[in-house]
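Asks: Below is the structure I would like to discuss, written out as structure tokens.
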Amino acid sequence: MRTQHRTNHHFSQLALPVTPSQVNTSASLNNGLITEFVYSASQPAFAQLLLPLLQHLGMQSRWLLWLTPQQKLSRHWLTQSGLPVDKMVQVNQITAMSTVDAMEKALQTGNYSVVLGWLPDLNDAERERLQIAARQGGAYGFIMKPTNEQNSPCGHHSTVKIHSSVYH
């Protein structure tokens, strides 16, 4: 069986049309969710899968939080991606373990519709803490995991984890 890779370069700019009346603004109707998002810089999965969801959640009255210990988001990229710059909060240059605690507290507050965190490897207890916090705050939590392409069998070496236009 052969599979064929098709690249749709315009998909990252497309989002499903959503009217404000279709957006759930009540945290009580959202049960909360924690999931890991494993991505590769060489594949556009971030833009194709996660960006439309972030655009949708950006229509809520709540904030979007990025916990990025080592990078700073690009305002230009946020604007071009259709994300609400005025509802975006970023915390960077914090230690990895502090990021786990920060994500838990942010999820619990109910002030954020989504929290994206670049976290270290988590144990089961930490995952459970984050899941409980997401349910309490009615928020989505994405644990962002870049793939380690240095160890890939094809020998491709990449130091970029998400497309460089995302960060300054």
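None of the figures in this text is laboratory data; all of them are computed from the coordinates on show. Note that the coordinates shown come from a computational prediction; the quantities given were computed from them, not determined experimentally. Glycine gets a Cβ as well: all are built from the backbone with ideal geometry, and neighbour counts include every protein chain shown.
Asks: What does the charge add up to near ARG62, with Lys and Arg as +1, Asp and Glu as -1, over the other residues with Cβ less than 13 Å from its Cβ? Present the calculation step by step, with values, prior to reporting the outcome.
Replies: Values: positive: LYS87; negative: ASP86.
Spelling it out: positives minus negatives among the neighbours equals 0.
Asks: If you don't mind, another one. Hey, can you grab everything whose amide H is under 5 Å from the amide H of VAL114? Only 5+ residues off in sequence or another chain; H modelled, so Pro and N-termini drop out.
Replies: LEU65, TYR140
Asks: Quick one: work out Rg over Rh on the C-alpha atoms of segment 82-147, Rh as Kirkwood radius.
Replies: Values: Rg = 11.7 Å, Rh = 12.2 Å.
Rounded to two decimals, Rg/Rh equals 0.96.
Asks: Along the Cα→Cβ direction, 7 angstrom out, place labels at ILE94 and ASN31. What is the inter-label distance in nm?
Replies: The answer from the label model is 2.8 nm.
Asks: How long are the three semi-axes of the equivalent ellipsoid for segment 32-155, computed from the Cα gyration tensor as the root of 5 times each eigenvalue, in whole Å, largest first? Intermediate values should be presented prior to the final figure.
Replies: On the way: eigenvalues 94, 77, 35 Å².
Output for segment 32-155: semi-axes of 22, 20, 13 Å.
Asks: Further question on the same structure: Restricting the calculation to Cα positions, tell me the Rg (one decimal) and the Dmax (whole number) of segment 36-107 in Å.
Replies: In order Rg, Dmax, the Cα atoms of segment 36-107 give 12.8, 33 Å.
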